[in-house]
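One structure below.
The values are calculated or read from the model by the stated rules, or taken from the named source; none is laboratory data. These numbers were taken from a predicted model, which means no experiment stands behind them. Don't worry about glycine lacking a Cβ; one is built from the backbone with ideal geometry, like all the others, and counts go over all protein chains shown.
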Amino acid sequence: MQPLHAPFPATRFRRTRASGALRDLVQENRLSVSDLIWPVFVCEGEDHEEPVPSMPGVVRRSVDRVVLAAQEAHVLGIPAICLFPYTPMEKRTSDCAEAWSPDNLSNRATRAIKAACPDLLVMTDVALDPYNIDGHDGFVVDGEIVNDATVEALVKQALSQAEAGADIIGPSDMMDGRIGAMRSALEAADHQNVSILSYSAKYASAFYGPFRDAVGASGALKGDKKTYQMNPGNTDEALRLVARDLTEGADMVMIKPGMPYLDMCRRIKDAFGVPTFAYQVSGEYAMIQAAAQNGWIDGEKAMVESLLGFRRAGCDGVLTYFAPAVARLLSD
């Protein structure tokens, strides 16, 4: 139902915009630090950081530096950190065995964070691309990214992450049937309290480029990911994918990328009413940062406005590289 109002001048919409206090009083959607998940890149080494050139302000961190970042997040009130490993090329193989090694970067970082900040939620990424010599999220056999064998490997990866102490598993691979397989395996292994935040609607997007630089997948990737990631022209398919993942045991769902797909955030939230998240991906972040560094936009205002857009579209939370900057801004 459309709200009713008297004709002008009895109704003047500018009345409630007249001061900052009035604007705050009637604001419909708000951004809070509790809405944020901070994606962080982990690399080998000790007391080491290295910048990601295509993502201004973002660095890869050694495990000890990731722990410091986690402690910073906890102090700022950010509820969760999400880990993405930069795996050395010598550990990338066609069988992707490093993906479920107990001592891979992601698992070492998880254990270290939980030891230092037990109350901070740790989210992990389930996909083979950081470990695959071919740069794909699944096994490549005769040029095809095979589904069922990949799902078996992803289950092993998810179990290793749960055993390391991950609170939230984030399957970003887009293989069919992986949520049900992971949920069954987690239940059988007594990890019933580990949540699954499924990348249910992950599009084959041009906005992932800087991320692939950050995890070292750009040079390794052969071909594209269009046979398993979604066609950007499709919307109804996304609802079918979300419905499937929820039926298989996902606790929360993700739309990726974020800003080009705000329509999907709203449709999915309205259709299912489940915890709905978006990933403000590397390309979105890099565009805002680059424009701000060139003086073309106010970077701080654009950052906040972009994140408020996710909340307005129905998202319960956002994965964003801006998380610490936003948290500091909100605290001030």
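Select, from SER94, SER62, SER101, the only residue that is polar (S, T, N, Q), touching a strand residue (DSSP E or B) at 6+ places or on another chain (Cβ under 8 Å) and modelled with pLDDT of 95 or more.
It is SER62.
Given region 73-177, what strands (runs of 3 or more DSSP E) lie entirely inside it while holding 1 or more residues that are of a type in the set (Gly, Ala, Ser)?
The strands (runs of 3 or more DSSP E) meeting that bar are 80-85, 168-171.
Determine which member of the set VAL253, VAL326 is crowded, with 22+ Cβ neighbours inside 10 Å, part of a strand (DSSP E or B) and either in contact (Cβ under 8 Å) with a residue 24 or more places away in the chain or of a type in the set (Val, Ile, Thr) (or both).
VAL253
What is the one condition in (1) part of a helix (DSSP H, G or I); (2) in contact (Cβ under 8 Å) with a residue 40 or more places away in the chain; (3) more than 26 Å from THR320 (Cα to Cα) that PRO210 does not satisfy?
Of the numbered conditions (1) part of a helix (DSSP H, G or I); (2) in contact (Cβ under 8 Å) with a residue 40 or more places away in the chain; (3) more than 26 Å from THR320 (Cα to Cα), the odd one out for PRO210 is (3).
Of the conditions (1) touching a Cys at 6+ places or on another chain (Cβ under 8 Å); (2) not in a helix (DSSP H, G or I); (3) not hydrophobic (A, V, I, L, M, F, W, C), GLY295 satisfies every one except a single condition; which number is it?
(1)
State yes or no: is GLY216 closer than 30 Å to PRO51 by Cα, touching a Phe, Trp or Tyr at 6+ places or on another chain (Cβ under 7 Å) and not in a helix (DSSP H, G or I)?
yes
Are any of the residues in region 259-269 part of a strand (DSSP E or B), buried (at least 16 other Cβ atoms within 10 Å of the Cβ), out of contact with any Leu (no Cβ under 8 Å at 6 or more places or on another chain) and not polar (S, T, N, Q)?
No: region 259-269 contains no residue that is part of a strand (DSSP E or B), buried (at least 16 other Cβ atoms within 10 Å of the Cβ), out of contact with any Leu (no Cβ under 8 Å at 6 or more places or on another chain) and not polar (S, T, N, Q).
Of ASP64, ASP24, which residue is more than 30 Å from SER106 (Cα to Cα), among the acidic types (Asp, Glu) and not in a strand (DSSP E or B)?
ASP24
Taking only region 151-174 into account, find how many residues are in contact with a helix residue (DSSP H, G or I) (Cβ under 8 Å, 6 or more places away or on another chain), within 24 Å of ARG240 (Cβ to Cβ) and crowded, with 24+ Cβ neighbours inside 10 Å.
Total satisfying the criteria: 5.
Could you identify the single residue in LEU186, LEU239 that is buried (at least 21 other Cβ atoms within 10 Å of the Cβ) and either closer than 23 Å to ASP148 by Cα or not hydrophobic (A, V, I, L, M, F, W, C) (or both)?
Result: LEU186 is the single residue among LEU186, LEU239 that is buried (at least 21 other Cβ atoms within 10 Å of the Cβ) and either closer than 23 Å to ASP148 by Cα or not hydrophobic (A, V, I, L, M, F, W, C) (or both).
Are any residues in region 270-307 surrounded by 22 or more Cβ atoms within 10 Å (Cβ to Cβ) and in contact with a Leu (Cβ under 7 Å, 6 or more places away or on another chain), and if so, which ones?
PHE277, TYR279, GLN280, LEU307
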